[in-house]
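Student: Attaching a single structure in structure tokens format; questions to follow.
The values are calculated or read from the model by the stated rules, or taken from the named source; none is laboratory data. Keep in mind it's a predicted model, so treat the numbers as computed, not measured. Reconstructed Cβ throughout: ideal geometry from the backbone, glycine too, with neighbour counts over all protein chains shown.
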Amino acid sequence: MSESKDADKPAAAHGNSSRRDWLLKIGVALNVIAGAALAIPLVGFVFSSFAEKKDPRDWISLGPLEHFPEKTTRIATYRNPYTRPWDGETAEIPCWVRHISGDQFQVFAINCTHLGCPVRWFQESGLFLCPCHGGAYLEDGSRAAGPPPRGLFEYSYKVEKNILWVKGGQMPTLSNPV
Amino acid sequence: MLNILRNVAVWLDDRLHITAIYASTAGHEVPKSAGSWFYVFGSATLLCFVIQVITGACLAFVYIPSTNEAWTSLQYLNHVQFWGWYLRAVHNWGSNFMVAIMTLHMIQVFLFGAYKYPRELTWVSGIFLLLLTLGMAFTGQVMRFDQDAYWGLTIGASITGRVPLIGEQLVHLLLAGPIIAGETLSRFFTLHVFMIPGLIIALISMHLRLVLTKGINEYPKPGKPVRKATYDAEYAEILRKEGVPFVPHAIDKDLIFAALVIIGILGAAFIFGPEGPGGRPNPTIVDTNPRPDFYFLSIFAALALLPDWMEVLILFVAPTVCIALLLALPFISPTGEKSYIRRPVAVLSVIFVMLIVGVLTYMGQTSPWSPKMNAWSGDAIPEKFVKGRTPLELRGAVVFQNKQCRNCHALGGQGGERGPALDEVATRLTKEELVRQVIQGGGNMPAYGKKLSPAEVDALVSFMATLHTTAPVRPSSKPENNLPRDVAAVRPPALHGR
């Protein structure tokens, strides 16, 4: 609207031009500052994953050793330490525990290393099989067949006072294993 | 009275400029040839989007985007909420129709050369609309927060995790944390109902605005190539000679098709009902078989069939190249023939792409590369493969089932297809080769040497050595005996070889 008014009154516009230019510049500058003040918290909020460096992992108890007889591979579940009150059952994470002997364990993430689908243990054939693209792993987690680029992701574990602990809390991916 | 109404109408038109807006939109002139059945897909795609917005807004009245509650609220929608099941079904079928009709629209626009000068940006905005619609499809699948959604997110995160250098941060960005948890679903809900639809509405506005400013593509005539110098004048001439207002002269077929689309969506929704939700989104239920919705089955299939070294290439480079090519198309080929009759390469590339996507989708549906997890306990060995076999061979058949060979190897058309079917394996491998294959593995088969005792290997191989003919032949010396068949066929000639 102001432009059409200016067109009607070229003389008035001409008279104030330096003041108007100055006000315009101030206006633009103020909005750049205000916009940045708005953008910084917004971008920080949305992209917080790039700023937070805290390790989400924690030691988690998988229960007493009696739950895992020697020379067997069994499923164990734990409540994910990175959790929210409204997570529900989604925070229940499974993993495969292979008790080799004594304090010797292997704890595998459930996720296939190919694309993360849940691998299943087949006791009789001694294989982990993935239902998505047919990845297969041997008893010790090493890659046996199919598209997986590596063996199963392994949790670090410790045995304390007859309890098996693993360090977990994040979804294992190729760029960030367990 | 009539005078008062007329005055009101004139007053409203003066304030709202309705006549002018109408004349420049619905009443704008289009070439008469554009009133064709081939030109109905664009408006039908828009119609689908409107249906999605309306049904989606209604579903959001009830749906709870919380990891803990989403699945239950979907069950509530399906079983308790009045008409809830039907709106879910319409929303689901609306999305299927939208992707399908949008694909037809894109193919039509491509084959009719509508992307050429001066409609480059219409095509470019259309490509972004295609990508955003696929984004809606993926985030929509996550809204149906069940096992498939959970594992679909896992697959998405695993793919993202392969990005070099910043993979870890990108996974966090995608999942709103290091793992699928509380904020993940909220994030996808925001994308599905606010962000992506907002962008789609903005882009549709641009897309339609461009259709108005640059005019709808005339029905292309073979032998009439586009030239930048002359096209604008030619188009103006077409409009002058045979231009008709879109409403009411060219909208008739759009209207009929629109009604058919609505009836199609409503009918499919009524007959087939809503999709899922499947099993609870509980990751500890590992007895699951995650599959994406059909739009992504072709990518899912490609990921099973590619060799390792190609995966990063196909996951990141190929989509980038494909999208870049689509975006660049109107700038690579801005002029020349429009009609598909003079563009055999264009027609062939559509057929080629459709065949690839179609075959991959079919393969994704059947997933022959996946072991059939319950074949060993669920699929019986057909009678013909055990009838008349020796005890050792029968023992071998039991080993074959017990050791879960059947999960990857079919017999009689039943079982996994990961490995070759073994109906006639003895015609391909000698007994020694069978022993070696079982013990050492090879190809894509793991070694079973440590999992089988020598006696089991012996039995298994004896059984497999009988698998070389489709029908066991009974001793011919006593064709007319009165004994029951299975007693007569104590030792079939199947054992003669090897």
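Student: Looking at the range A:81-98, which of the residues that are at pLDDT below 90 and more than 7 Å from chain B (Cβ to nearest Cβ) is farthest from A:Tyr157 (Cα to Cα)?
Tutor: Here the residue is A:Pro85.
Student: Another question, if that's okay. Being more than 8 Å from every other protein chain (Cβ to nearest Cβ), farther than 19 Å from B:Asp293 by Cβ and in a helix (DSSP H, G or I) narrows it down to one of B:Leu173, B:Leu121, so name that one.
Tutor: On the way: B:Leu173 fails: more than 8 Å from every other protein chain (Cβ to nearest Cβ).
Exactly one of B:Leu173, B:Leu121 is more than 8 Å from every other protein chain (Cβ to nearest Cβ), farther than 19 Å from B:Asp293 by Cβ and in a helix (DSSP H, G or I), namely B:Leu121.
Student: Restricting attention to the range A:99-130, which residues are at the interface with another protein chain (Cβ under 7 Å from one of its Cβ atoms), closer than 22 Å to B:Lys403 by Cα and in a strand (DSSP E or B)?
Tutor: Scanning the range A:99-130 gives A:Pro118, A:Arg120, A:Phe122, A:Leu127, A:Leu129.
Student: Does the range B:66-76 include one or more residues that are within 23 Å of B:Ile201 (Cβ to Cβ) and of a type in the set (Ser, Thr, Tyr)?
Tutor: Filtering the range B:66-76 for residues within 23 Å of B:Ile201 (Cβ to Cβ) gives none.
No; the residues of the range B:66-76 include none that is within 23 Å of B:Ile201 (Cβ to Cβ) and of a type in the set (Ser, Thr, Tyr).
Student: Going through B:Gly94, B:Gly140 one at a time, which residue ends up being in a helix (DSSP H, G or I), away from chain A (no Cβ under 14 Å), touching an Asp or Glu at 6+ places or on another chain (Cβ under 9 Å) and buried (at least 18 other Cβ atoms within 10 Å of the Cβ)?
Tutor: Values: B:Gly94 fails: touching an Asp or Glu at 6+ places or on another chain (Cβ under 9 Å).
Criteria check complete, one pass: B:Gly140.
Student: Sort out which residues of the range B:369-379 are of a type in the set (A, V, I, L, M, F, W, C) and either at the interface with chain A (Cβ under 10 Å from one of its Cβ atoms) or out of contact with any strand residue (DSSP E or B) (no Cβ under 8 Å at 6 or more places or on another chain) (or both), and write them in order of number.
Tutor: Here is the first cut: in the range B:369-379, the ones of a type in the set (A, V, I, L, M, F, W, C) are B:369, B:373, B:375-376.
Selection gives B:Trp369, B:Met373, B:Trp376.
Student: Can you give me the number of residues within the range B:287-309 that are over 26 Å from B:Thr103 (Cβ atoms) and surrounded by fewer than 19 Cβ atoms within 10 Å (Cβ to Cβ)?
Tutor: Let us first name the residues in the range B:287-309 that are over 26 Å from B:Thr103 (Cβ atoms), namely B:287-289, B:307-309.
Remaining after also requiring surrounded by fewer than 19 Cβ atoms within 10 Å (Cβ to Cβ): B:287, B:289, B:307-309.
So the count comes out to 5.
Student: Identify all residues within the range B:411-429 that are touching a residue at least 24 places away in the same chain (Cβ under 8 Å) and in contact with a Leu (Cβ under 8 Å, 6 or more places away or on another chain); write none if there are none.
Tutor: Within the range B:411-429, B:Leu411, B:Leu422, B:Asp423, B:Glu424, B:Val425, B:Ala426 qualify.
Rundown of residues vs (1) among the small types (Gly, Ala, Ser); (2) closer than 15 Å to B:Lys403 by Cβ; (3) modelled with pLDDT of 50 or more, yes/no style:
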{"site": "B:Gln437", "(1), (2), (3)": "no, yes, yes"}
{"site": "B:Gly441", "(1), (2), (3)": "yes, yes, yes"}
{"site": "B:Gly449", "(1), (2), (3)": "yes, yes, yes"}
{"site": "B:Phe463", "(1), (2), (3)": "no, yes, yes"}
{"site": "B:Asn482", "(1), (2), (3)": "no, no, no"}
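Student: Could I ask something else about it? Please report, ordered by residue number, the helices (runs of 4 or more DSSP H) entirely within the range B:318-388 with at least 3 residues that are touching a helix residue (DSSP H, G or I) at 6+ places or on another chain (Cβ under 7 Å). Before you say what the answer is, go through the steps one by one.
Tutor: Details: elements: B:318-332, B:344-366, B:375-378.
It comes to B:318-332, B:344-366.
Student: Follow-up question, since we're still on this one. B:Leu191 passes all but one of (1) touching an Asp or Glu at 6+ places or on another chain (Cβ under 8 Å); (2) within 14 Å of another protein chain (Cβ to nearest Cβ); (3) in contact (Cβ under 8 Å) with a residue 24 or more places away in the chain; which number fails?
Tutor: That leaves (1) as the condition not met.
Student: Could I ask something else about it? Within the range B:433-460, can you find the residues that are within 24 Å of B:Val386 (Cβ to Cβ) and either among the basic types (Lys, Arg) or more than 14 Å from every other protein chain (Cβ to nearest Cβ) (or both)?
Tutor: B:Glu433, B:Leu434, B:Val435, B:Lys451, B:Pro454, B:Ala455, B:Asp458, B:Ala459
Student: Looking only at the range B:288-310, which residues are touching a residue at least 40 places away in the same chain (Cβ under 8 Å) and acidic (Asp, Glu)?
Tutor: B:Asp293
Student: Please go through the range B:257-277 and give me each residue that is touching a helix residue (DSSP H, G or I) at 6+ places or on another chain (Cβ under 6 Å) and either part of a helix (DSSP H, G or I) or within 21 Å of B:Gly135 (Cα to Cα) (or both), ordered by number.
Tutor: Keep residues of the range B:257-277 that are touching a helix residue (DSSP H, G or I) at 6+ places or on another chain (Cβ under 6 Å), which gives B:257-258, B:261, B:265, B:268-269, B:273-275, B:277.
Once the filter is applied, which keeps residues that are touching a helix residue (DSSP H, G or I) at 6+ places or on another chain (Cβ under 6 Å) and either part of a helix (DSSP H, G or I) or within 21 Å of B:Gly135 (Cα to Cα) (or both), the range B:257-277 yields B:Phe257, B:Ala258, B:Val261, B:Ile265, B:Ala268, B:Ala269, B:Pro274, B:Glu275, B:Pro277.
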